[in-house]
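Just below is one structure, and these are the notes that go with it.
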Amino acid sequence: MESSYDAVEKLFEHMACFVMRLKVYTTLRPTPPMQDAITKILVELISVLGIATKQVKQGTFSSLDLLVD
């Protein structure tokens, strides 16, 4: 089983790839629906970071590694 640090690293790698793809949208002139979508995506990313932080503090983060495989 991976350590919490390995799981956190994997989570950040997945999020980095996702954010790099999201970056393309920020180079375009966003339409209102696109702005809404980008906002929702960023809110979810922040939410995931919050959940991960809570899990790490509780020492149970390694159980989340299944979500990022």
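Around Phe18, what is the net charge, scoring Lys/Arg as +1 and Asp/Glu as -1 over all other residues with Cβ under 14 Å from its Cβ?
+2
List the lysines whose alpha-carbon lies under 17 Å from that of Lys23, not counting same-chain residues fewer than 8 positions away?
Partners within reach: Lys40.
Pairwise over distinct Cα atoms, reciprocal of the mean inverse distance: report the Kirkwood radius of the range 5-51 in Å, one decimal place.
11.6 Å
Between Val43 and Asp6, how high is the FRET efficiency from 1/(1 + (r/R0)^6) when r is the Cβ-Cβ distance and R₀ = 30 Å? Nearest 0.05.
It comes to 0.65.
Since every read-out is calculated from the coordinates, none of them should be taken as a lab result. Computed from a predicted model, the values in this text were never measured in an experiment. In this analysis, Cβ positions are derived from the backbone assuming ideal geometry, glycine residues included, and neighbour counts consider all displayed protein chains.
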